[in-house]
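Structure record follows, encoded as structure tokens.
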Amino acid sequence: REHDDEGEPDAVARVGDAGEAVYRDALALVAAMLAASYMHVGQRVRTRLPATAYTTVVYTVAALTLVPVLRLMGVPFLALDAHDWWIIIGITLLAQLGGHSLMNQALRSFTATTVSLAVLIEVPGGTLIGWLWPGQVPPWQLLPAAVLILGGLVLVLRNSAPSAT
């Protein structure tokens, strides 16, 4: 990086950072739209298919899509070492088969909005686990975000519960 006399990034570097930030924000927006679509489609399909059939199709399509994308990007995924493959296998078993399969199972009983919002519990939940277990004290600024996430989940659950009329 280029810096001026005071050690600050120069104007060109700051503009480049801004362009990179916009690009990353755009990617995050596209990812959010795809995640919302995934939940919406999943909610509709899960009324007709068991979770195992649905997840088998979804995971197969995802894998078959990922391989050509990795090849187009020039990622040498077949040349990874054993350590990396064990990490990939662990993520697949825990996050994909555990987390995503449970979310797809939940879509049969809950709305896509409720399931999507419940996923956000990962942020305060992971922070709490990190604080209690390895002793990583979170910044105080995280508290308002955690309160908003948990409060939003309570509001959604209260308003989506069947009325007693």
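The values are calculated or read from the model by the stated rules, or taken from the named source; none is laboratory data. None of the values given here were measured: they were computed from a predicted structure. Here Cβ is always computed from backbone atoms with ideal geometry, including for glycine, and neighbour counts include all displayed protein chains. For accessibility, only protein heavy atoms count, side chains too; no ligands or nucleic acids. Shrake-Rupley method; radii C 1.70, N 1.55, O 1.52, S 1.80 Å.
The table for this structure:
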read-out: Residue, nearest to H100 (Cα to Cα), within the stretch 59-86, restricted to residues that are under 21 Å from the mean Cα position of the chain (by Cα) and among the small types (G, A, S); value: A62
read-out: Condition met for A53 (over 20 Å from the mean Cα position of the chain (by Cα) and either without any contact (Cβ under 8 Å) to a residue 12 or more places away in the chain or assigned to a helix (DSSP H, G or I) (or both)); value: yes
read-out: A118 being among the hydrophobic types (A, V, I, L, M, F, W, C) and either under 16 Å from the mean Cα position of the chain (by Cα) or closer than 18 Å to R44 by Cα (or both); value: yes
read-out: Scan of the stretch 97-118 for residues that are open to solvent by 40 Å² or more (accessible area, probe 1.4 Å), farther than 13 Å from Y54 by Cα and touching a Ser or Thr at 6+ places or on another chain (Cβ under 9 Å), ordered by number; value: F110, T111, T113
read-out: Residue within the stretch 113-124 that is of a type in the set (G, A, S), over 19 Å from A32 (Cα atoms) and part of a helix (DSSP H, G or I) present; value: no
read-out: Enumeration of residues in the stretch 37-67 that are open to solvent by 60 Å² or more (accessible area, probe 1.4 Å) and of a type in the set (D, E, K, R); value: R44, R48
read-out: Residue check for G126: loosely packed, with under 13 Cβ neighbours inside 10 Å and closer than 28 Å to A146 by Cα; value: yes
